[in-house]
Amino acid sequence: MTATTPLLELRQVVKEHPTGPDRPPLRILHGIDLMIAPGELVAIVGPSGSGKSTLLALLGTLDRPTRGELFFDGHDLAALGEPELAALRGHRIGFVFQQFYLLPGLTTVDNVATGLLYTGAGRSHRRALAAQALREVGLGHRLGHRPAQLSGGEQQRVAIARALTGAPALLLADEPTGALDSASGTTVIELLRQLHHTGTTVIVITHDRELAASFPRRIGIQDGRIAFDERDDAPGKGGAS
Ligand code: ADP
Ligand code: MG
């Protein structure tokens, strides 16, 4: 794909949920048009219940639009079946959520290594890559710990290590600092910025206005619609001005 192909393109994307046999569906997203260029760093903001997580799930192929079109790197996602979407997610997309979703029975290194299962790499190779990712997030000394033995900030760094092991093109984070104290939150955001500097497209849902203001692009969601889409005029940040 050329550099001008958007990483993500949404055309009139609608998301509805059924409410019952004789009732109209509940419309959550009302026809979203959006383009995200490769290498962008984007904050998504908006009131609780406005549809931010619903939108992120669509961007991450975790869910499908009810109507409208969604392209990932030029590929129409409607044309892909579940196994192909799963492969796309495994190879190209990393996720970080407010609740870290670590497996409690696994060590730190194995939690991260599970993120590499799709690669088909052997267990010891996966563990070596996982240990490397954990060193990159400053947790090289916690490889054998279980999630319950870690602080919230450390658990989120494990989740980030898991998300970045595959060197994803796209990192999606849904309120990644929402459950953290401010010092841990700062560390987590710093890691996401580093990932962005290596070329990964990073999209973060956040309630933190100061954090959002520090991002080069800010998209506001209100009642399932894009209320604003602001971009700093920084050359090389991608997209036409
Ligand atoms: P946000 O992340 O901005 O807080 P969400 O995207 O989680 O908002 O939710 C937007 C709206 O969609 C909310 O009113 C929520 O209750 C509703 N919603 C989310 N998921 C479902 C679902 N599976 N079925 C019905 N309604 C849902
Ligand atoms: Mg949400």
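Computed from the coordinates by the stated procedures, all read-outs in this text should not be read as laboratory data. Owing to the predicted nature of the structure, the values given are computational and were not obtained by experimental measurement. With ideal geometry, Cβ positions are generated from the backbone for all residues, glycine too; neighbour counts draw on all protein chains shown.
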Ordering 167-175, 91-99, 78-86, 207-215 by per-residue average of other C-beta atoms within 10 angstrom, highest first, gives 167-175, 91-99, 207-215, 78-86
If each K or R counts +1 and each D or E counts -1, the residues other than Phe97 whose Cβ falls under 10 Å of its Cβ total -2
Over the range 1-151, the quotient of the Cα radius of gyration and 2.2 N^0.38 Å is 1.25
With Ala131 itself left out, Lys, Arg at +1 and Asp, Glu at -1 over residues whose Cβ is under 13 Å from its Cβ give +4
Total charge of the residues flanking Val14 in space, meaning their Cβ is under 12 Å from its Cβ, with Lys and Arg +1 and Asp and Glu -1, is +3
The size of the Cβ-based charge dipole (Lys, Arg +1; Asp, Glu -1) of the range 87-199 about the Cα centre, to the nearest 20 debye, is 440
Site His197, offset 7 angstrom along Cα→Cβ, radius 19 Å on amide nitrogen, limited to the range 1-45, gives 39-43
The rounded separation in angstrom of the Cα centers of the range 72-151 and the range 5-47 is 26
Quarter of the surface of the C-alpha convex hull for the range 19-104, i.e. direction-averaged projected area in nm², equals 8.1
Along the dipole axis of the chain (charges at Cβ: +1 for Lys and Arg, -1 for Asp and Glu; origin at the Cα centre), the most positive-end residue among Gln99, Phe228, Thr165 is Thr165
Share of Cα-Cα pairs in the range 125-165 beyond 12 Å, whole percent, is 52
A correct Stokes-Einstein calculation for the range 122-226, using the alpha-carbon Kirkwood radius, 4 °C and 1.567 mPa s, returns a whole-number D in µm² s⁻¹ of 87
With +1 at each Lys and Arg Cβ and -1 at each Asp and Glu Cβ, the charge dipole magnitude of the chain around its Cα centre, to the nearest 20 debye, comes out at 600
Diffing the range 109-125: the Karplus 3J(HN,Hα) column from phi (6.51, -1.76, 1.60, θ = phi - 60°), in whole Hz with x for Gly and Pro, holds 5, 6, 4, 6, 5, 4, x, 10, 4, 5, 6, x, 5, x, 4, 5, 5
